[in-house]
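Read the structure below first, then the notes.
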Amino acid sequence: MSSTRTPPTPTRTPVTSTRSPMAPARSFLWFRRIFLTLLAGFVLVPVYVMVSSSLKPLADVTGEFRWLPSGLTVRPYIDIWSTVPLARYFVNSLIVAGAATVCSVVIAVFAAYAVSRYDFRGKRVFTVTVLSTQMFPGILFLLPLFLLYVNIGNATGIALFGSRGGLILTYLTFSLPFSIWMLIGYFDSVPRDLDEAALVDGCGPLKALLRIVVPAAIPGIVAVAVYAFMTAWGEVLFASVMTNDTTRTLAVGLQAYSTLNDVYWNQIMAASLVVSVPVVAGFLLLQRYLVAGLTAGAVK
């Protein structure tokens with residue numbers, strides 16, 4: 001009678017995890033986690049205070065601060081439209097910021113393409129002048145622009161002071177130079193072979209720009225548009241001087257919630273959240289193009 005032998009079970013060698021020599025140290029990983037946690041708290045705590053304050057009655061906001069509100073109400077989001085003419089301020093900001101963005105992008109595209117593709121007398125002086133305008137604070141231009149608009153209005157009857165058109169021109173003085181300088185670097189990263197191929201196919205310089213170069217430079221153009229819109233949307237200094245009760249924008253109109261008798265803190269918080277929605281939504285939708293446009297020059 002033959003007996004069957006059970007084969008011996010092989011012994012398993014314990015697997016030891018080996019760290020890659022290029023992996024960061026564990027102390028660095030813990031430091032990074034702690035730092036990012038603190039940074040997230042530093043950013044999110046003010047947002048939480050703003051949101052919670054916008055959902056409290058005014059008596060709770062002006063009283064002792066509590067991290068957990070005793071009662072929630074959406075009344076501040078309803079009252080913000082009647083306490084001040086917020087809808088009119090919203091429309092003014094959309095018109096001014098939208099027009100300033102479109103003008104900045106259109107002018108910057110043509111100017112940057114000319115500097116990037118052609119050699120002309122004074123090219124270096126032009127680029128240095130455009131870049132040097134970013135060295136000066138905006139308050140230095142406030143009084144000259146104010147006097148210029150008043151004198152133009154007295155001489156020609158064109159009302160620039162206190163109008164949306166004057167505010168749009170004002171915003172172009174500091175958004176347009178940066179837009180041109182930024183697009184110059186992006187157009188330099190677009191191969192010139194595309195222009196030459198378009199010219200060979202019978203396109204003129206203008207058609208080559210609009211049909212070939214502009215589609216290839218969409219990320220840079222979007223980055224410029226986002227910058228110009230955000231700059232005009234939240235600007236306070238020029239808007240507080242160059243506008244009146246009819247043309248006032250959101251950044252200045254939020255001050256109207258503070259009266260001689262009381263300060264409607266809950267409505268200020270609610271209005272701040274409402275007016276930030278277009279900028280946040282646009283940034284999230286165009287984030288991919290914005291990052292690509294800002295980093296294009298660095299990876300050229």
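The values are calculated or read from the model by the stated rules, or taken from the named source; none is laboratory data. As the structure is a prediction and not an experimental result, all values here were calculated from the model. Here the Cβ positions follow ideal geometry from the backbone for every residue, glycine too, while neighbour counts run over all protein chains shown. Note: areas computed on protein heavy atoms with side chains; ligands, DNA, RNA excluded. Shrake-Rupley method; radii C 1.70, N 1.55, O 1.52, S 1.80 Å.
Some points to look at:
- Accessible-area composition of the range 81-240, carbon plus sulfur, in percent [1.4 Å probe]: 72
- Note: the range 238-280, Cα convex hull, 81 Å³ per residue.
- Modelled spin labels at VAL236 and VAL47, positioned 7 Å past Cα toward Cβ, are 2.1 nm from each other.
- Within the chain, helices built from complete DSSP H runs that reach 24 Å or longer along their own axis (Cα positions) and carry a mean Kyte-Doolittle hydropathy of 0.5 or higher are 26-54, 86-117, 139-156, 164-189, 265-285.
- Over the range 25-174, the Kirkwood radius and the radius of gyration, each from Cα atoms, give a ratio Rg/Rh of 1.15.
- At R0 = 45 Å, FRET efficiency that the Cβ-Cβ distance of ALA159 and PHE35 yields, to 0.05: 0.30
- The chain: most fluctuating residue of PHE161, PHE283, PHE35 per GNM, C-alpha cutoff 10 Å: PHE35
- In the full protein context, the range 144-279 carries 47 Å² of accessible surface per residue, based on a 1.4 Å probe and ignoring ligands, DNA and RNA.
- Identified option (computed mean projected area of the Cα convex hull in nm²; candidates (1) 18.8; (2) 34.3; (3) 17.5): (2)
- Computed from label points 7 Å out along Cα-Cβ, the spacing between THR83 and VAL106 is 3.9 nm.
- For peptides 151-160, 48-57, sequence by mean Cβ density within 10 Å, most packed first: 48-57, 151-160
- The modelled label-to-label distance between VAL91 and VAL280, using points 7 Å beyond Cα along the C-beta direction, is 2.6 nm.
- Max mean-square fluctuation residue, GNM over the chain, Cα-Cα springs under 10 Å, options ALA99, ALA228, ALA40: ALA40
- Using alpha carbons only, the radius of gyration of the range 177-243 set against its Kirkwood radius gives Rg/Rh = 1.18.
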